[in-house]
Amino acid sequence: MWRVSPTFHGVPEPEVQYVESTFSAEGLYVVQHPHFGRHVVTSRAFNEGEVVAVWRGYEISESEALALQPAQQEQLLQVGMGRFLVNDDPLCTADFINHSCEANCGFLDATTLAAMRRIEPGESITFDYAISDSNSFVAFECVCDSPACRGSLRSDDWRLPDVQRRYAGWFAPHIQQLIDGATNASPATTNRPR
């Protein structure tokens, strides 16, 4: 299903065939953990740049998203400024990919998640929600327990220099535009590598 071409973020770029519904790569499964709740683990290795998930659905506005119940908001993927992806299909494996402040996946585009490094069998599949979310309802206390844990997630965590360094090249396009705008407006406020 996936073909690669020479470069994207220094790794092969997927040429995605149209995916009608949300896609989860083979080897992913949902597990229940007493501390983390439901999350996704892999039974196989993923190489850097390999596609892990592709979300599909229809877009709604921020005002429509704010009208949803909190449990529904938790299932949204922000795909642009004030734009969110909704999927009416039953929840699938990709919908349980959790946040981590030291994530192993990042975005190739607004809806395609890929491995940022080699991921070994048995590892949890995670992405830092700061690389895709800047909305007002993303805030929560973090329990990822990673050494880099920020303790909480806020809608402007994309501004943090450590977040920008850690995930350079892996931000969803709308967050990268915010970073570029903030960097151009006030270059001394961030330490983002160029």
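The values are calculated or read from the model by the stated rules, or taken from the named source; none is laboratory data. Because the structure is predicted, anything quoted here is derived from the model rather than measured. A quick note on method: Cβ atoms are made from the backbone with ideal geometry, for glycine too, and the neighbour counts reach across all protein chains shown. What goes into the accessible areas is simple: the full protein's heavy atoms, side chains included, and nothing from ligands, DNA or RNA. Shrake-Rupley method; radii C 1.70, N 1.55, O 1.52, S 1.80 Å.
Listed by first and then second residue, the pairs with beta-carbon distance under 7 Å, at least 6 apart or on different chains, first residue in region 89-118 and without any contact (Cβ under 8 Å) to a residue 40 or more places away in the chain, second open to solvent by 10 Å² or more (accessible area, probe 1.4 Å) and part of a strand (DSSP E or B), are Asn104/Thr126. Please verify whether region 56-74 includes one or more residues that are part of a strand (DSSP E or B) and within 13 Å of the chain's Cα centre (by Cα). Within region 56-74, not a single residue is part of a strand (DSSP E or B) and within 13 Å of the chain's Cα centre (by Cα). Each residue in region 119-169 was checked for being of a type in the set (A, V, I, L, M), in contact (Cβ under 8 Å) with a residue 40 or more places away in the chain and not in a loop (DSSP other than H, G, I, E, B), and 4 of them qualify. In summary, Val54 fulfils each of the numbered conditions (1) open to solvent by less than 60 Å² (accessible area, probe 1.4 Å); (2) modelled with pLDDT of 95 or more; (3) farther than 29 Å from Asp145 by Cα with the single exception of condition (3). Is region 96-107 home to any residue that is more than 17 Å from Ala130 (Cα to Cα) and open to solvent by 30 Å² or more (accessible area, probe 1.4 Å)? Within region 96-107 (the criterion being more than 17 Å from Ala130 (Cα to Cα) and open to solvent by 30 Å² or more (accessible area, probe 1.4 Å)), the answer is no, since none of the residues qualifies. Here Asp128 passes the criteria (1) open to solvent by less than 20 Å² (accessible area, probe 1.4 Å); (2) over 20 Å from Glu48 (Cβ atoms); (3) not β-branched (Val, Ile, Thr) except the one numbered (2).
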